[in-house]
Structure formats: structure tokens, C-alpha cells
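The values are calculated or read from the model by the stated rules, or taken from the named source; none is laboratory data. Only a predicted model underlies this, so the values are computations on that prediction, with no experimental measurement involved. Here Cβ is always computed from backbone atoms with ideal geometry, including for glycine, and neighbour counts include all displayed protein chains.
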Amino acid sequence: MTGLATQEVVDVARDVATDVAARTAASSDLAPALEKNPSASTFVVFSQELDKQLMAFTLANSAAASGMRVTMFFTFWGITALRQRAKKAMPETKSKTLMDRIFAWLLPKDSKRLPLSSLHFMGIGPRLIRWRMRRKGVASLEEQIATARALGVRMVLCDTSVELMGFGRDDFLEGLEVAGATACLEAAATSKVAMVI
Amino acid sequence: MPIVQLAVALRGMAVGDEVEVAATDAAFLADVRAWARLTGNALEELEATASRSRVRVTKVDPGSGSGGAA
């Protein structure tokens with residue numbers, strides 16, 4: 001595709017996704033909207049590894065580009081890809097226990113610190129693969145996340161996983177939904193494509 | 001992500017408009033064929049070599065592009 005840089009795509013996509021967002025907002029609960037749409041897809045993202053996250057976002061973005069309504073349901077280690085450092089200025093919504101802090105410290109702090117499922121080499125692997133991706137013009141995970149958001153991909157955090165690992169809402173990117181297994185199943189049941197990654 | 005870029009470009013176009021896409025991605029041709037089947041847009045293949053492919057897409061489906069057909 002000529003002349004469209006990734007940032008431009010994100011910007012344009014964000015603009016055109018507003019009507020999608022409007023549609024989504026119009027059906028306050030997503031269930032009726034999902035039923036109406038014959039081609040929806042659901043990706044359950046369980047894994048935290050960079051390679052698996054890349055695959056999940058590539059599929060989700062391709063599905064959105066192909067006109068599908070897309071839900072990504074992040075559970076267990078998968079949620080760490082959407083972490084962001086809580087802003088210091090913001091008072092924390094709930095006080096953290098020592099164990100909460102240990103979990104937060106042990107898990108990847110954000111998408112840039114995800115391990116690789118193979119050839120990790122104590123952190124050299126992810127750097128190497130990111131360098132190769134840059135050289136070969138492959139969109140980075142961060143660009144893919146931005147694109148997914150711009151395309152109106154619905155991203156849902158598993159409520160139990162967030163709770164279990166001692167996180168709060170302000171530990172994650174803004175604009176994510178929080179829901180449970182039943183909401184995930186509903187999205188999957190009304191999808192033509194459903195995958196666990 | 002040429003397919004995503006193509007879908008985004010299509011959102012700004014009217015039905016009947018054409019866009020030409022050139023990509024160096026080896027998988028682009030297979031992907032754009034699948035994309036055309038999924039979205040119902042018309043595809044014409046202009047060039048297909050190992051290192052470069054070029055297609056012309058005519059917008060058929062008014063709802064195609066990001067976020068899902070309404």
C-alpha cells in the first residue's frame with residue numbers, strides 16, 4: 001500500500017472507527033449487536049508471550065479489516081500485555097497488599113517487556129525479534145495494539161484474572177472493558193471464528 | 001499490515017471507487033484474495049511476481065472496512 005505510514009493508518013482508522021463506536025454505544029449491551037452481525041470473531045488471549053500476542057493482534061486486526069466485529073478477551077497471563085504503569089498522580093483505587101505488589105513486580109510491566117515463547121535467551125530474544133521486525137517493516141506489538149483500538153476491536157479484561165493478580169483498573173490501558181467468562185462465551189457463541197491463543 | 005491499510009483506505013471511498021495497492025509482502029496476494037471473498041469487494045490482479053504484487057480493488061460493499069459490516 002503506497003503512502004500510508006502506520007501512524008497515519010492509526011489516525012485515519014481512529015476517525016472512521018467513531019461510527020463503529022457509535023454503533024457499539026447505541027446497543028448499550030453488546031449482545032443484540034453481536035447477534036445481528038453474522039461475521040463476528042472472538043479471540044481468547046491467555047498467553048503473555050510476545051509472539052503469541054503478536055499473532056492474536058494480527059488476527060484480530062485482519063478480522064476487523066475484513067469487516068468482522070472483533071472481541072479480544074484477555075485472561076490470565078494475557079492481561080499483562082495491556083498493562084501500563086499506574087500514573088503516580090492518580091490515587092490508587094484500592095490499597096495493594098504485599099502479595100499484590102509481588103505479583104505486579106514479577107509480571108511484565110507493559111507490552112514492551114513480554115518474553116518470547118521460544119529463543120527467549122534471558123531477554124535477548126525479544127530484543128532481537130523486535131529489531132528484525134523493525135528492519136523488515138513488520139508492525140510492532142504496540143502499533144498493532146493502537147491499530148486494534150483504532151479499528152474498534154473490543155478488548156475485554158477477565159475480571160477474575162485482574163483480581164487474582166492483584167491489579168486494579170488503573171494498571172491497564174484506558175478504555176478496556178472488564179467482564180467474566182459468561183460474557184466471553186457469549187461473544188464466542190455469536191462468532192463464526194473463536195480461538196484461544 | 002497492507003490489508004488493514006487497504007480496509008482503512010476503503011472506508012473513505014464511495015461504492016464504485018477504485019484503489020490500487022502494491023505490496024512487497026509475499027502473502028499479500030493470498031491475503032487480499034481472502035479479504036475480497038470475505039468482504040465482497042471486487043478484485044483485479046494486475047501484477048504478481050515473487051517480490052511484488054499489485055491489485056486493483058473496486059469498492060462494492062458499502063459497509064466494508066474497519067469494525068464490521070453493519
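Details
- Of residues in the range A:118-172 being assigned to a strand (DSSP E or B) and in contact with an Asp or Glu (Cβ under 9 Å, 6 or more places away or on another chain), the one nearest to B:Q5 (Cα to Cα): A:R154
- Positions within the range A:57-76 being within 12 Å of the chain's Cα centre (by Cα), assigned to a helix (DSSP H, G or I) and away from every other protein chain (no Cβ under 14 Å), in sequence order: none
- Hey, A:Q53 within 29 Å of A:V193 (Cα to Cα) and in a loop (DSSP other than H, G, I, E, B) or not: no
- Restricting the range B:1-36 to residues that are in a loop (DSSP other than H, G, I, E, B) and in contact (Cβ under 8 Å) with a residue 40 or more places away in the chain, the residue that is surrounded by the fewest Cβ atoms within 10 Å (Cβ to Cβ) is B:A14.
- All positions within the range B:18-53 that are of a type outside the set (V, I, T), more than 10 Å from chain A (Cβ to nearest Cβ) and touching a strand residue (DSSP E or B) at 6+ places or on another chain (Cβ under 7 Å): B:E18, B:L29, B:R33, B:A42, B:L43, B:E44, B:E45, B:L46, B:E47, B:R52, B:S53
Residue by residue, here is whether (1) within 19 Å of A:L164 (Cβ to Cβ); (2) modelled with pLDDT of 95 or more; (3) among the hydroxyl-bearing types (S, T, Y) holds:
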{"position": "A:A81", "(1), (2), (3)": "yes, yes, no"}
{"position": "A:A86", "(1), (2), (3)": "yes, no, no"}
{"position": "A:M90", "(1), (2), (3)": "no, no, no"}
{"position": "A:T93", "(1), (2), (3)": "yes, no, yes"}
{"position": "A:D100", "(1), (2), (3)": "yes, no, no"}
{"position": "A:S118", "(1), (2), (3)": "no, no, yes"}
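- B:V8 being more than 7 Å from every other protein chain (Cβ to nearest Cβ) and modelled with pLDDT of 90 or more: no
- Yes/no for A:R101 being surrounded by 12 or more Cβ atoms within 10 Å (Cβ to Cβ) and more than 28 Å from B:L10 (Cα to Cα): no
- For beta carbons closer than 6 Å, sequence separation of 6+ or different chains, a first residue in the range A:173-193 that is in a loop (DSSP other than H, G, I, E, B) and a second that is surrounded by 14 or more Cβ atoms within 10 Å (Cβ to Cβ) and of a type in the set (S, T, N, Q), the qualifying pairs are A:S191/A:S41; A:S191/A:T42; A:K192/A:S39.
- The residues on offer are A:M68, A:M72, A:M133, and the sole one that is within 22 Å of A:G180 (Cβ to Cβ) and surrounded by 12 or more Cβ atoms within 10 Å (Cβ to Cβ) is A:M72.
- Residue that is surrounded by the most Cβ atoms within 10 Å (Cβ to Cβ) [pool: residues in the range A:104-117 that are outside any helix (DSSP H, G or I) and touching a residue at least 40 places away in the same chain (Cβ under 8 Å)]: A:L114
- Checked against (1) touching a residue at least 40 places away in the same chain (Cβ under 8 Å); (2) among the charged types (D, E, K, R); (3) surrounded by fewer than 16 Cβ atoms within 10 Å (Cβ to Cβ), A:R154 meets all criteria but (3).
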